[in-house]
Ligand SMILES: [Zn+2]
């Protein structure tokens, strides 16, 4: 078929990290003068930046023709080994540790030391990404040994921000800018002959996926500091349910979607289950019947009957 393109199989797709979703919901509900606010804001910024960097790598990998028969697992968590990107080809496996930072990086592997120079010139110790990559490489090698899989395992550190300066680097782990990724993959294909069939690659990728246990990021902020209620999407003030719709008295905005978002916040911060009573407490609605009507309209699955009924707040797809 003319123009038909094949791509690597994405066995495990990257999703917005739970940490990003939780922190977004928390920051809307925490007072900006709270002592934790700036720190949480910074954590959110870093998590978003990291995710954006990883997305950049995914996009690039999608266009590498050599990977047509490969399987890719994004953000795979195997027995507490969080791997940014794991590529299984018929000739080798490749672990990518992705960093999306600015400034300058110097690495001395004989000391296992990594120093980052920020854009303002300040120096800071940075957890050595080559140590991380090697650790995951050993882990996958052991796993393959146990499974009797004869596949070489390579690892590399990829920097997603092209403005980052790679300074003095002494390391045997390949370390490069994202622009060099296609070439490096090409080199690995030249280095290693084909060892496995496509079916074997699929089986290994599926087996790895079955071991994937997503990391549960825990929020340490005290819940009582957070505002409850349905929040206005425009001005972030608490909305009220009047005459059949959610209304903001502050900016006059009217919205039904605001309740859907508020339920997502509740799921991310408090609980994925909610009773009629908890719903009223959270939204400020007094009538048990109105609460019942609104919960029904949300179309959540439920457990139990009458007074014991619990609604399960579904995760909204990204
Ligand atoms: Zn408003």
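The values are calculated or read from the model by the stated rules, or taken from the named source; none is laboratory data. Bear in mind the structure is a predicted one, so any value in this text is a computation, not a measurement. All Cβ positions, glycine included, derive from the backbone under ideal geometry; neighbour counts span all protein chains shown.
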Discussion item. Condition (residue is away from the ligand (no atom under 16 Å from the Cβ), modelled with pLDDT of 95 or more, more than 23 Å from residue 266 (Cα to Cα) and touching a helix residue (DSSP H, G or I) at 6+ places or on another chain (Cβ under 7 Å)) applied to region 186-199: is it met by at least one residue?
Written reply: yes
Worksheet, complete the sentence: In region 281-309, anything surrounded by 13 or more Cβ atoms within 10 Å (Cβ to Cβ), under 29 Å from the mean Cα position of the chain (by Cα) and farther than 15 Å from residue 239 by Cβ is listed as 298, 300, 302
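Can you list the strands (runs of 3 or more DSSP E) found entirely within region 67-111 that contain at least 1 residues being closer than 24 Å to residue 215 by Cβ?
The strands (runs of 3 or more DSSP E) meeting that bar are 71-78, 81-88, 93-99.
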Item to complete: Among the residues of region 162-199, count how many are surrounded by 15 or more Cβ atoms within 10 Å (Cβ to Cβ), touching a strand residue (DSSP E or B) at 6+ places or on another chain (Cβ under 8 Å) and in contact (Cβ under 8 Å) with a residue 24 or more places away in the chain.
Response: 10
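Within region 131-143, identify whether any single residue is touching a residue at least 12 places away in the same chain (Cβ under 8 Å) and part of a loop (DSSP other than H, G, I, E, B), and answer yes or no. Before the answer, list the steps.
Residues of region 131-143 that are touching a residue at least 12 places away in the same chain (Cβ under 8 Å), as a first pass: 131-137, 139-141, 143.
Right, trim to part of a loop (DSSP other than H, G, I, E, B) and you get none.
Within region 131-143, not a single residue is touching a residue at least 12 places away in the same chain (Cβ under 8 Å) and part of a loop (DSSP other than H, G, I, E, B).
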Discussion item. Residues that are under 16 Å from residue 25 (Cβ atoms), within 14 Å of the ligand (Cβ to nearest atom), surrounded by 12 or more Cβ atoms within 10 Å (Cβ to Cβ) and outside the structural domain of residue 143 (by TED's automatic domain parsing): does region 245-258 have at least one?
Written reply: yes
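If I filter region 228-240 down to residues being in contact with a helix residue (DSSP H, G or I) (Cβ under 8 Å, 6 or more places away or on another chain) and within 14 Å of the ligand (Cβ to nearest atom), which single residue comes out as nearest to residue 34 (Cα to Cα)? Please lay out each step first, then the result.
Keep residues of region 228-240 that are in contact with a helix residue (DSSP H, G or I) (Cβ under 8 Å, 6 or more places away or on another chain), which gives 228-233, 236, 239.
Filter once more, so that each one left must be within 14 Å of the ligand (Cβ to nearest atom): 229-233, 236, 239.
Details: 229: 19, 230: 21, 231: 19, 232: 21, 233: 21, 236: 17, 239: 22 Å.
Across region 228-240, the extreme among qualifying residues is 236.
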